[in-house]
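What follows is one structure encoded as structure tokens, with my remarks underneath.
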Amino acid sequence: MTTVIDATRRPRTPRKPDTMRDLERRMVAHLAGGGTTDMANAPMSVSPTEYTDPARLEAERRELFGKLPILACLSRDLAEPGDMFTFEEAGPAIVIVRGQDRKARAFLNMCTHRASRLVLDCTRRKLMVCPFHAWSFDLEGRLVGLPGEPCFDGMDRDERSLVRVPVGEWGGMIFVKAHAGDEEIDVEAWLGDMGPQLLALDLANAKPLKLDSSETQANWKYCLDTYGEAYHFSTLHQTTFGTSSRSNVALYDNFGLHYRVGFTHNSYQDLVGKDEGEWPDTPYGGSHFIFPNSIVYGAPMEGGGSMIGMYRVYPTDDVDRCRTLFTVHRASNVPPETPDQAFIDAHDYIYQVVNTEDYSVSKEGQRNLMNAPPGFRVVFGKNEAALQDVHRNINRILGVQPE
Ligand code: FES
Ligand SMILES: [Fe+2]
């Protein structure tokens, strides 16, 4: 199957990154217009099989999660030499290691003796020692310690180095490909015009504070779709997110495979008709989708600066079950007096709302799609443009004609 991915080609004329003021002008214009929103040209419908067909899931796992760069963590998740980060949601168990030379390397998290999992916790260390028979590997993956060495007479140690995994670090983000290989991923090319927007979040200096996960009885795309539109805020999130952000007033910007959605905080209503010189300064932010499954969300915090929330949805072995990783990082622009706890509280709130509201609807919707009557189609409105593009792009990469 041939995969054509536009975002890996460097644009001839890079698009100038938007400032927060650019985005705010558009939000205020939507509010001045009585509550309009960015839209696609037409509604689009998709078959329920996009969410329910096991063969389809298999193709997605193989072609998307098995071949494309997948966001694994941020740079400060492995800040110092000897720090490591385990990541297994995209398929094989992977460990990412910061070397003495500060370079991030990724390996299958698999001992080359009898394949035991090598790294179980991510404490800083100089050697990775296997819990099974204590083979040990240095931070570059070389087998450096072999108890009972004479028993392995004739074995070539060099061939027993850890198995490399493609990795790339750029803009404070670390991407891997979930298979063996020693390729260096060109993250900047992968992100295309989305890259400079993410640079504005200074992810390289974002401090990790908390990681949570949850499993949901729904297809991974059903859950993922809930992050891409503001149409449901006043109903599903009536007493939560809907109290702070305007329903169905959102910005949408497409960056090839990736996109950004800007949700409109209620406070922007006060800026309608006000001279721009009087608008407060807000740090750059928005909900950035990195294909195929990751949201990097920059949101202003009370007291100044930003919270970085990441929400990443992965398929599992079952077509109707997915796993989400929720993380929160403290951005570099936050004043020192803001306690870390403020970020953890914000994260816990989002985790709880997403799981009890978005994912509860996802679960019920999935159940209905599994039992949908013949001919039923899911429809995405013009105001659900991000969802349209994601489904279209997935179909294109899988090389399938949408049903
Ligand atoms: S499996 Fe790792 S040392 Fe035996
Ligand atoms: Fe939601």
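Find the residue count for segment 32-69, including only residues that are open to solvent by less than 10 Å² (accessible area, probe 1.4 Å) and either within 17 Å of A230 (Cα to Cα) or of a type in the set (F, W, Y) (or both).
Result for segment 32-69: 2.
If C223 satisfies every condition in (1) of a type outside the set (G, A, S); (2) within 14 Å of ligand 2 (Cβ to nearest atom); (3) surrounded by 22 or more Cβ atoms within 10 Å (Cβ to Cβ); (4) not in a helix (DSSP H, G or I) but one, which is the exception?
The failed condition is (4).
Would you check which residues across segment 131-143 are surrounded by 14 or more Cβ atoms within 10 Å (Cβ to Cβ) and hydrophobic (A, V, I, L, M, F, W, C) and list them?
Passing the criteria: W135, F137, L139, L143.
Out of (1) touching a Lys or Arg at 6+ places or on another chain (Cβ under 9 Å); (2) open to solvent by 30 Å² or more (accessible area, probe 1.4 Å); (3) more than 10 Å from ligand 1 (Cβ to nearest atom), what's the single condition that is false for K126?
(1)
Using beta carbons and a limit of 9 Å, which pairs, at least six apart or on different chains, have the first residue in segment 278-303 and more than 19 Å from L71 (Cβ to Cβ) and the second one basic (K, R)?
Pairs found: W279/R21; D281/R21; T282/R21; M301/R330.
Each row is one residue, and each column tells you yes or no for (1) in contact (Cβ under 8 Å) with a residue 24 or more places away in the chain; (2) of a type outside the set (G, A, S).
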residue	(1), (2)
P336	no, yes
I350	yes, yes
L369	yes, yes
A372	yes, no
V378	yes, yes
A385	yes, no
N393	yes, yes
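Could you please give the count of residues in segment 74-123 that are within 16 Å of ligand 1 (Cβ to nearest atom) and among the small types (G, A, S)?
3
Anything in segment 226-237 that is buried (at least 17 other Cβ atoms within 10 Å of the Cβ) and either farther than 27 Å from A72 by Cα or among the small types (G, A, S) (or both)? List them, or say none.
Hits for segment 226-237 are G228, A230, Y231, H232, F233, L236, H237.
Which of (1) within 21 Å of the chain's Cα centre (by Cα); (2) in contact (Cβ under 8 Å) with a residue 40 or more places away in the chain is the odd one out, the single condition G195 does not satisfy?
For G195, the exception is condition (2).
In the same structural domain as T324 (by TED's automatic domain parsing), touching a Lys or Arg at 6+ places or on another chain (Cβ under 8 Å), at pLDDT 95 or above and polar (S, T, N, Q): does that describe Q197?
Answer is yes for this residue.
Only strands (runs of 3 or more DSSP E) wholly contained in segment 58-133 count here; list those with 3 or more residues that are under 28 Å from L191 (Cβ atoms).
By residue number, 70-74, 84-87, 94-98, 104-108.
The values are calculated or read from the model by the stated rules, or taken from the named source; none is laboratory data. Since we're looking at a predicted model, the values are computed, not measured. Cβ atoms come from the backbone with ideal geometry, glycine included; neighbour counts cover every protein chain shown. For accessibility, only protein heavy atoms count, side chains too; no ligands or nucleic acids. Shrake-Rupley method; radii C 1.70, N 1.55, O 1.52, S 1.80 Å.
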